[in-house]
Amino acid sequence: MILKRFSLLIGLLLTSLVIFSQVEEPVQPDAKKKGEKEKLPFKERLVFGGDLGLSFGSITYIKLAPEVGYRVTDRLTPGLGPIYIYENYKHYDLKTSTYGGKVVLSFTVLRGSDFGGNFNLGNVMLHGENEVINVEPVYYSYTGQYVFGDRLWIDNLLLGGGLSQSLGGRAAVSIFLLWDVTQNPYSPYNNPILKFGFYF
């Protein structure tokens, strides 16, 4: 089931690359041929970024989730990347790591420029992520203690939307409100999920 869903999302991403590869390219003003479109080099279409989560105290939580994307058009950006989460619950003497990978897809519904420069909050976006991660489930044992079970692979489908604000040049910051629609009992997320990201 996990591989089927992951394969489906990869297939959709590849299909979107084919479908949208000739859409919304800026036209060169001094093009030699009428209608000739400017072709951006591959490296200028790449987008790097991801999200970072940090929390310290009685619970230490560290999340590293870099990603690399490919800007198919001005509005559509698929991408992928690894995930690593470290958690330490000091009061229960529990430490665990979660690792895996994700495929992401962002689509800009409305650009700030679509409002004639009067929309200062940035771009309104739809966003989806499919994660396949390895977790160590925690159980409450008959001895009255929390114990770890055998590691297992799960997938989480996160869907939602948010805003992306340019910081100048290629840099941007985003905030998304996502919902884990898979509702796996071993998911590390509680709905709703607030995600901050940085991209350049």
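The values are calculated or read from the model by the stated rules, or taken from the named source; none is laboratory data. Keep in mind it's a predicted model, so treat the numbers as computed, not measured. So basically every Cβ, Gly included, is an ideal-geometry build from the backbone, and we count neighbours across all protein chains shown.
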Taking first residues from the stretch 133-157 that are free of Cβ contacts under 8 Å to residues at least 40 places away in the same chain and second residues anywhere that are outside any strand (DSSP E or B) and surrounded by 14 or more Cβ atoms within 10 Å (Cβ to Cβ), the pairs with Cβ under 6 Å that are 6 or more apart or on different chains are GLY149/PRO137; ARG151/GLU136; ASN156/THR182; ASN156/SER187
> Before we move on, is VAL132 more than 30 Å from LEU40 (Cβ to Cβ) and hydrophobic (A, V, I, L, M, F, W, C)?
Replying inline: yes
In the set ILE83, ILE10, the lone residue that is surrounded by 14 or more Cβ atoms within 10 Å (Cβ to Cβ) and either small (Gly, Ala, Ser) or at pLDDT 50 or above (or both) is ILE83
Of those in the stretch 144-200 that are among the hydrophobic types (A, V, I, L, M, F, W, C) and within 16 Å of ASN134 (Cα to Cα), the residue nearest to the chain's Cα centre (by Cα) is LEU157
Among the residues of the stretch 119-158, the number that are of a type in the set (A, V, I, L, M, F, W, C), part of a strand (DSSP E or B) and farther than 20 Å from PHE198 by Cα is 10
The correct count of residues that are modelled with pLDDT under 90 and part of a strand (DSSP E or B) in the stretch 176-194 is 2
Scanning the stretch 39-76 residue by residue, those within 17 Å of the chain's Cα centre (by Cα), of a type in the set (Val, Ile, Thr), more than 13 Å from PHE200 (Cα to Cα) and assigned to a strand (DSSP E or B) turn out to be ILE62
